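Please read the structure below before turning to the comments.
Coordinate-derived values only; no laboratory data. All values derive from a computational prediction rather than experimental measurement. We place every Cβ from the backbone using ideal geometry, glycine too, and count neighbours over all the protein chains shown.
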Amino acid sequence: MKCLESEIAISGSLLTGSKAAVAALVTLIFSALAYQVKAVTRSGAVAGAMVSFAIYVSAGVGAFAALVSLFLIAITTTRAGYSRKQQRGTAESSQGRSASQIVANVGIAALATVLFAITQHSIFLVAAAAALAEAAADTASSEIGEATSGQARLITSFEVVPAGTDGGITLWGTLAGAMASLLIAGCCLVLQLISRSSFFLVSIAGILGMLLDSILGAVLERRQVLNNDMVNLLGTSTAALIALVLHHFCL
C-alpha cells in the first residue's frame with residue numbers, strides 16, 4: 001500500500017514538473033518573440049516571462065491564450081497610426097513596454113490565477129478575466145484615440161485637450177476600448193475560463209475599470225500624484241474587484 005502511495009506521489013510530481021517545464025518553454029518562447037518584435041523591452045520580456053509563466057502554471061493553457069489575446073490587441077492598437085502618434089509625441093516607445101508597464105497591466109491577472117490555483121475557486125478566474133479585459137480596454141482606448149484624433153476631452157470636465165493628455169477620452173477610443181473588453185471576455189468564454197453568465201460581468205468590469213483609469217488620469221496623474229503605471233495597476237485592480245462584487249451579488 002505504501003509503495004502504491006509512493007508511486008502515485010511520484011507520478012503526480014512528475015506530472016506537475018512536466019506541466020511546469022512546458023509552461024516555462026512556452027512562456028520563454030512567447031517572451032522572446034515579444035522582445036524580437038519590439039513589443040517589450042529586455043526588462044519587459046523578463047517580467048512578461050515571469051507573469052505569463054505564473055498564469056500558465058496556475059490556470060492552464062486557456063488562461064495563457066487569453067493573455068496572448070491581450071498581447072495581440074495591445075500590439076495591433078499600438079501600431080495603428082503610429083507615424084501620426086510619433087508626430088504628436090504620443091507614440092509608445094519604439095523599444096516596447098517596460099517591466100513596470102507589464103506588471104501594472106497584467107500583474108493583477110497573474111495574482112488572481114495564483115489565488116485560483118491555491119483555492120480552486122473559479123471566482124478568481126472571473127477576476128483574472130476582468131483584469132485582462134480592463135488592460136485591453138485601456139490600451140485600445142488610448143492607442144486608437146490617439147491614432148484617430150488630435151484632440152480629446154477630459155473625462156471629468158469635457159474640456160478639449162490634446163490627444164494623449166492624461167484623463168483625455170475620445171469617442172472612437174472609448175468604443176475601441178469597449179470592444180476590446182468584450183473581445184477578451186469572449187475569448188475567456190470560448191476558452192472556458194468563465195461561464196456565459198460571467199461574460200457580461202467581465203465585460204462591464206473591464207469597461208468600468210477603463211473609465212476609472214481615465215478619471216484617475218485626469219484627477220491624480222495630471223497632478224503627478226500617481227504615475228501611469230500606478231493608474232494602470234489601480235485600473236486592473238478595480239476591474240477585478242468589480243467583477244468579484246458583481247459575481248457575488250448577481251450570480
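Structural remarks
- The value of relative contact order for region 2-250, using C-alpha pairs under 8 Å at least six residues apart, is 21 percent.
- Region 187-231: trypsin sites (Lys or Arg not before Pro) in DSSP coil with no more than 12 other Cβ atoms inside 10 Å: Arg223
- Distant-in-sequence amide contacts of Val161, defined by a placed amide H-H separation under 5 Å and a gap of 5 or more residues or a different chain, comprise Ala152, Arg153, Leu154.
- A cut-off of 5 Å between modelled amide H atoms, ignoring neighbours fewer than 5 places along the same chain, links Ala91 with Gln86.
- Residues whose amide H falls under 5 Å from that of Leu226, counting only those 5 or more places apart or on a different chain, are Glu221, with hydrogens built in the peptide plane.
- In summary, region 120-251 shows an alpha-carbon radius of gyration equal to 1.04 times the 2.2 N^0.38 Å reference for compact globular proteins.
- Descending principal axes extents, region 152-210, alpha-carbon based, whole Å: 42, 15, 14
- Estimated vicinal HN-Hα couplings, Hz - region 109-121 in sequence order (Karplus 6.51, -1.76, 1.60; Gly, Pro = x): 4, 5, 4, 5, 5, 5, 5, 5, 4, 6, 9, 6, 8
- Cα shape, region 97-149, gyration tensor, a/c 1.5 rule: oblate
- Segments 236-243, 147-154 sorted - mean Cβ within 10 Å per residue, highest first: 236-243, 147-154
- Distance between the pseudo-spin-label points of Phe200 and Met230 (7 Å out from Cα toward the beta carbon): 3.7 nm.
- A simple rule links phi to the HN-Hα coupling: the Karplus curve 6.51 cos²θ - 1.76 cosθ + 1.60 with θ = phi - 60°, which for region 142-155 gives 5, 5, 6, x, 6, 6, 9, 8, x, 10, 9, 10, 4, 5 Hz, with x for Gly and Pro.
- Helical content alone sets the calculated 222 nm signal of the chain at -26500 deg cm²/dmol, taking -39,500 (n - 2.57) per DSSP H segment of four or more residues and averaging over every residue.
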